[in-house]
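The values are calculated or read from the model by the stated rules, or taken from the named source; none is laboratory data. Since the model is a prediction, treat every value here as computed from it, not as a measurement. Using ideal geometry, Cβ is built from the backbone for each residue, glycine included, and neighbour counts are taken over all protein chains shown. Calculation scope for accessible area: heavy atoms of the full protein, side chains included, ligands and nucleic acids excluded. Shrake-Rupley method; radii C 1.70, N 1.55, O 1.52, S 1.80 Å.
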Amino acid sequence: MSATTVVLMWEARAADGRGGELLEWARARAAELSRAPARRELLRAPQDRVLVMTWWPDAAYGDDLPELPEPAAGLITRPVHRWRFEAVD
C-alpha cells in the first residue's frame, strides 16, 4: 500500500473508580511517544473508558508506528483494545 494517513486507536477500561487516573496515565504516555503524531486526541466515555487516537500522515498501513503501552494490570479491567485505520477521501 502507498503512503497515506494511518490512525491508531487505543482504548482501555479503567478499574472501578480509576477512570481519572487512567486518563492521566494515557495523557502522559501519549506525550512520551518516541515521535510526535501530527494529531492526537484523548477521549473518555462511560464506564471509565479512555480512548487515544493518533494520526500519522505519510505512513503505510503496516508501518511500525509509536503506540501507547499496556497499563499496569491493576489500572484496567481487561486488555487494551487496539485498532489501526487508514484515512480515506
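Details
- Taken over region 6-21, the residue count meeting the criterion of being over 12 Å from the mean Cα position of the chain (by Cα) and either crowded, with 16+ Cβ neighbours inside 10 Å or at positive phi (or both) is 7.
- Restricting attention to region 51-86, the residues that are open to solvent by 50 Å² or more (accessible area, probe 1.4 Å) and either of a type outside the set (Gly, Ala, Ser) or part of a loop (DSSP other than H, G, I, E, B) (or both) add up to 19.
- Qualifying residue in region 38-50 (condition: β-branched (Val, Ile, Thr), touching a Phe, Trp or Tyr at 6+ places or on another chain (Cβ under 6 Å) and either under 22 Å from Thr4 (Cα atoms) or surrounded by 11 or more Cβ atoms within 10 Å (Cβ to Cβ) (or both)): no
- Options Glu11, Glu41: the member that is of a type in the set (Asp, Glu), part of a strand (DSSP E or B), within 26 Å of Ala87 (Cβ to Cβ) and touching a residue at least 60 places away in the same chain (Cβ under 8 Å): Glu11
- Residue in region 32-80 that is nearest to Trp10 (Cα to Cα), counting only those that are of a type in the set (Phe, Trp, Tyr) and modelled with pLDDT of 95 or more: Trp55
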